[in-house]
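One structure is given here, and the rest of the page talks about it.
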Amino acid sequence: MASIGQIVNPTPGSDALARARQRASLVPDCLVEAKRIANSVISGWHGRRKRGIGENFWQFRPYSEGESLSRIDWRRSARDDHTYIRDREWEAAHTVWLWADMSPSMMYKSSYAGASKESRALVIMLALAEILARSGERIGCPGVMEPVSARNAAERLATALMHAPLTGGLPDTAMIRGWSELVLIGDFLDSSKAVMDRIAPLARRGLRGHVIEVADPAEELFPYNGRTEFTDPETGDKLTSGRAENVREAYSQAYFARRDDLRQSLRHLGWTFVSHRTDHLASEALVAVHMYLSGMPAKATHGGQL
């Protein structure tokens, strides 16, 4: 997953110990920030109240094309010109698996961003763990932490991350069974085909998934001019452009085409997609994906584009 520009505090690929120490030192601050964001987001929300298969009535909502006609509440719909679905409250906890990419490309932070992609991914993941744990869900992280149902799930996940081995790419999901949802957070800078080759088998297994793409603003804007050297953080390969501004348009077309293709491919699988820039509030991406997890349609925001 190649990045554009320079990496903050780059660590040679062979120095895995130094890289692990860097991540371990980052996690505590990310946990503090995650709890702050979770507290602000969850204020006024109703814990585990979300659409599901329970017996208790939760809410009426407008009917969407493709939903079962048997779920329409005809008495409520007869009151006005709209057709309504009668939602029930989810009563049984299920497992949500959270994963954040820790590849070298995630260390990237331009002067336009307030945080590295890695830091923002960790904050979103830990904030999700905090909110979901308060809702009574079981939280796990593939290859890092077995699912737990506990109020301190975010702290336990943070501790596990501090001691987890460094891995890149999508996680091993062989351990995921039953009624589960999977949240993947990363920059997903590989081709959409390469990403979908890993995700499609998960969807065929019946897993419901949510992808959060974390991007640095420089990766979208390509604000470079004149002679510029670009470094691939995964391979160390370098590319020097005499006049970087000359490739801006072609770069922009390729960058956004990749994102749009990934979004559409995920949608065809029934998965959701949120694009988040690190110069925007982490809470925007958190709200968007939490609404998806709750079974409610989310609206696009500047920091959490759907």
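A few comments on the model shown:
- Qualifying residues in the stretch 260-306 (those that are at pLDDT below 95 and charged (D, E, K, R)) - the one farthest from SER111 (Cα to Cα): ARG267
- Test: residue in the stretch 243-259 that is closer than 22 Å to MET102 by Cβ and at pLDDT 95 or above: yes
- Among the residues of the stretch 92-102, just one is at pLDDT 90 or above and assigned to a loop (DSSP other than H, G, I, E, B), namely ASP101.
- Pairs where the first residue, in the stretch 180-191, is closer than 14 Å to VAL123 by Cα and not assigned by TED's automatic domain parsing to the domain that holds VAL274 and the second is modelled with pLDDT of 95 or more and not hydroxyl-bearing (Ser, Thr, Tyr), C-beta under 9 Å, 6+ apart: none
- Qualifying position, being at pLDDT 95 or above and at negative phi, among LEU202, LEU157, LEU170: LEU157
- Reported count of residues in the stretch 103-126, each being part of a helix (DSSP H, G or I) and either free of Cβ contacts under 8 Å to residues at least 24 places away in the same chain or hydroxyl-bearing (Ser, Thr, Tyr) (or both), is 2.
- In summary, strands (runs of 3 or more DSSP E) completely within the stretch 199-299 and bearing 1 or more residues that are under 17 Å from the mean Cα position of the chain (by Cα) and in the same structural domain as ALA121 (by TED's automatic domain parsing) occur at 208-215, 272-277.
- Some residue of the stretch 218-237 being more than 21 Å from GLU118 (Cα to Cα), of a type in the set (A, V, I, L, M) and surrounded by fewer than 20 Cβ atoms within 10 Å (Cβ to Cβ): no
The values are calculated or read from the model by the stated rules, or taken from the named source; none is laboratory data. Everything numeric here is computed off the predicted structure, so don't read it as measured data. When we count neighbours, we look across all protein chains shown, and the Cβ atoms used for this are built from the backbone with ideal geometry, even at glycine.
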